Every structure is written in structure tokens, then in C-alpha cells.
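Inspection log for the structure reproduced underneath, given as C-alpha cells.
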Amino acid sequence: GPWLVLGKVIQLALNGELWGHVGATLVRVVAGFCTGAGLALLLGLPAGYFPRLRNLLEPVVEILRPIPPLAMLPLFIVWIGIGEGSKIGFITYATFFPVFVTTVHAVQQVDPLLLRAAESLGARRAQLFFRVILPAALPEILTGVRLGVALSFFVIVISEFIGAEEGLGYLINDGRNFFLVPQMLGAAVVLGLLGYGSSALI
């Protein structure tokens with residue numbers, strides 16, 4: 001029942017156990033998300049602006065994008081090991097695609113009239129990009145960032161099932177192994193609240 005779940009969350013919070021798990025999960029999510037989103041913006045902004053670069057990157061992205069992140073987790077463990085690196089790399093991989101795709105699309109959809117108006121007023125290429133294209137594309141880019149944040153919290157649970165000694169995913173898996181249903185559901189609720197808060201913050 002809901003009260004049992006709430007009681008378990010309060011108990012974990014009062015004895016201090018919950019905060020260690022929340023901290024571990026947030027550190028992994030922030031590191032993986034910032035890396036993935038940063039890389040996506042670094043490649044997506046110029047790819048949306050320069051057709052040659054877009055034609056070079058998009059086929060690779062479209063081949064990798066349909067592969068579920070879960071299918072890549074064993075490879076990350078083989079390549080990087082079972083520690084923090086594989087968890088952060090896994091989140092980076094999952095986060096990259098929604099941010100990259102929305103960023104490229106956002107830059108492509110900027111109103112040509114805005115560009116012509118800026119050019120007629122003497123804007124150079126760098127000014128055009130930073131003063132016109134980037135602000136016009138920002139709302140759609142932020143939509144991609146929100147999707148990336150949600151996906152980060154989605155995949156962190158999977159990565160913390162394997163080789164983690166702390167984190168909300170570890171709490172959920174521990175609850176599953178020992179049939180501690182209030183702990184399992186309580187950790188899931190806390191994870192949902194963290195995801196909601198992050199999305200609202202963006």
C-alpha cells in the first residue's frame with residue numbers, strides 16, 4: 001500500500017541511507033548527461049548549419065540510434081569495466097541521440113527571413129550563428145535536453161543493477177532480490193521525483 005511505501009522512504013531518509021543512494025545516482029546522471037548532451041550540442045549545432053557535416057554524421061547516428069541502450073550495456077562493461085566509467089558511458093550514449101537529433105532539426109528549421117534580415121543588416125557568419133540561429137533554435141534544443149534528462153534517469157536504473165553498491169537502481173534491485181516491495185517502489189518513486197524536478201528545472 002502507499003502508506004507502507006511512504007513509510008519506508010521516510011525511514012530510509014531519517015536513518016541517512018537514502019541520501020547516499022540519491023547522491024550516487026545524481027552524480028552518475030549529471031556526469032553522463034552533461035557529457036552526452038555536451039557532445040550532442042558540439043556536433044549537432046555545426047551539423048545543422050553545415051550540410052556536408054550533416055551528411056557525414058547523420059548516417060552514423062541513424063544506424064546507432066535504433067539500437068536500444070540496454071543492448072549496448074554489456075559492450076560498455078567489456079570495454080570500460082564494471083565501475084563508474086561504464087555507467088557514465090552508458091548514460092552518455094543514451095543521452096546523446098535525442099539531444100543531437102533535436103539540435104540538428106532546430107538549426108535547420110530557423111526561419112530564413114531572420115537570417116536574411118540579419119545578413120542585410122551586416123551580420124557576419126559568427127554573429128549570425130550566435131545572435132540569430134542559436135536563440136531561434138533554443139526552444140527545440142531545450143525540448144531535446146528534457147528528453148535526454150528523462151532518458152538519463154531511465155537508463156541509470158539499468159546500469160545500477162550491475163556492479164553497483166549504491167544508488168537508487170541498486171536499492172530497487174536489492175528490493176527485488178529480497179522481495180522488499182516497499183523499498184523497491186519507494187526508490188522508484190524517489191527516482192521519478194528527481195526526474196520530474198530536473199525536467200522542471202530545465
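Given a Förster distance of 45 angstrom, what is the FRET efficiency for R124 paired with V78, based on the Cβ-Cβ distance and rounded to 0.05?
Details: r = 48 Å, r/R0 = 1.06.
After rounding to 0.05, the efficiency reads 0.40.
Please list, in order, the residues from segment 186-202 whose amide nitrogen is less than 20 Å from a point placed 7 Å along the Cα→Cβ vector of E166. Output list for this probe position: 186-192, 194-195. Of the residues G167, A187, L121, the one whose Cα sits farthest toward the positive end of the charge dipole of segment 88-188, with +1 on the Cβ of Lys and Arg and -1 on the Cβ of Asp and Glu, is L121. Each Cα pair under 8 Å and six or more residues apart adds its separation to the average, and for the chain the resulting relative contact order is 29 percent.
Please state, to two decimals, what the Cα-based radius of gyration of segment 57-132 comes to when divided by 2.2 N^0.38 Å (N = residues).
Details: Rg = 18.7 Å, N = 76, 2.2 N^0.38 = 11.4 Å.
It is 1.64.
Between L115 and L56, the distance separating the two model label sites (each 7 Å from Cα on the Cα→Cβ line) works out to 1.9 nm.
Using r as the Cβ-Cβ distance of L201 and E17, and R0 as 25 Å, what FRET efficiency do you calculate, to the nearest 0.05? According to the calculation, E is roughly 0.50.
Once the 1.4 Å probe is applied to the protein heavy atoms, segment 149-202 comes out at 51 Å² accessible per residue. Computed extension gain for T143 through C34, at 0.36 nm per residue and net of the alpha carbon distance, reaches 37.7 nm. Size of the chain from its Cα atoms: along the principal axes, largest to smallest, the extents are 67, 36, 23 Å.
3J(HN,Hα) couplings calculated from phi for segment 59-75 with the Karplus curve 6.51 cos²θ - 1.76 cosθ + 1.60 (θ = phi - 60°) are, in sequence order, x, 5, 4, 6, 6, 7, 4, x, 6, x, x, 4, 5, 8, 4, x, 5 Hz; Gly and Pro show x. Across L12, L56, L45, mean-square fluctuation computed from a Gaussian network of the chain (C-alpha pairs under 10 Å connected) peaks at L56.
Counting only protein heavy atoms, what percent of the accessible surface of segment 122-202 is carbon or sulfur at a 1.4 Å probe? Don't skip to the answer; put the middle values down first.
Values: 2980 of 4500 Å².
Accessible surface attributable to carbon and sulfur in segment 122-202 totals 66 percent.
Relative contact order of segment 64-158: 40 percent, from C-alpha pairs under 8 Å at least 6 residues apart in sequence. Of the two radii for segment 84-123, the radius of gyration is 1.36 times the Kirkwood radius, both from the alpha carbons; that is the Rg over Rh value.
Ignoring ligands, DNA and RNA, please state the percent of accessible area on segment 42-95 from carbon and sulfur, probe 1.4 Å. Mind showing how you got there, number by number?
On the way: 2330 of 3110 Å².
The computed percentage sits at 75.
The values are calculated or read from the model by the stated rules, or taken from the named source; none is laboratory data. Everything numeric in this text was worked out from a predicted model, so none of it was measured. Virtual Cβ from ideal backbone geometry, glycine too; neighbours counted across all protein chains shown. Heavy atoms of the whole protein, side chains included, go into the accessibility calculation; ligands, DNA and RNA do not. Shrake-Rupley method; radii C 1.70, N 1.55, O 1.52, S 1.80 Å.
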